[in-house]
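Structure record follows, encoded as structure tokens.
Nothing in this text is a laboratory measurement; each read-out follows from the coordinates by a stated rule. Quick caveat, the model's predicted, so the values are computed rather than measured. Neighbour counts run over all protein chains shown; Cβ positions are idealised from the backbone, glycine included.
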Amino acid sequence: MNKVWALFRGDVRSVVRCNKILLVMIFGYQVAYVFGALSFLGILTVVLGGMLAYTSIAMDERDGWNRFVLTTGYTRKEYVLSKYLLAVVGTIFCALTMGVFSLIGITVGKMNSDNSILPLLPVLIGGTLIMLSVALPLSFWFGMEKARLLSILIIALACGFTGAFAGFTEGNDGLPFQGWSFTGLMMIVVSVIILAVSVMISLKVFDRREF
């Protein structure tokens, strides 16, 4: 497990170093949402947080790191688990920061607590993890070079998911927490189960992949 954490920390440093514009965009969207912009922007940041793992895999393949790291004492299993850890942490971290910004918006009077995105965060986390549970095994199987069409599809699905969800929330004046708590809980439970299956599939397909 220590090696998984080591790879994860390396991934975080690499993402921060090479994707500053994306990170600024994520937090910029969150601030914009709090100060009255479309809820689409706030919702999209949670999806983008999870897709940092997808971006990390693409960077590894571009630089040949995914092949090199296997010659330095790390196993394929540890490499795969580190990417899933990045996906989960990225999703939850962006959801938490979105929650913090929402609380700040409510406190300073820029946002109505009835229409806050806070009750929807568990649903967004679950939805993002389910989407990544489909995308990551395919990227480990085919590689990012052969999965260019997949990346376009993922972006389209992410935008469609966030757009539809934002449209729904924009069309409802009140979203009581009680109405979303059970849905959010179920989404988290389902996403954990699907994610576990996704990890097992990724381990099998990546173990058979030839470089």
Give the lysines reachable from residue 3 as a straight Cα distance under 18 Å; neighbours fewer than 8 places away on the same chain don't count.
77, 83
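Once you have the Cα-Cα distance between residue 134 and residue 93, take 0.36 nm times their residue separation minus that, and quote the gain in nm to one decimal. Please list the in-between numbers first.
On the way: separation 41, 0.36 × 41 = 14.76 nm, distance 2.07 nm.
Here the segment from residue 134 to residue 93 would lengthen by 12.7 nm.
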Starting from the Cα of residue 22, step 7 Å along the direction of its Cβ; do the same at residue 3; then give the gap between the two resulting points in nm.
2.6
What's the exposure ranking of 74, 79, going from fewest to most Cβ atoms within 10 Å?
74, 79
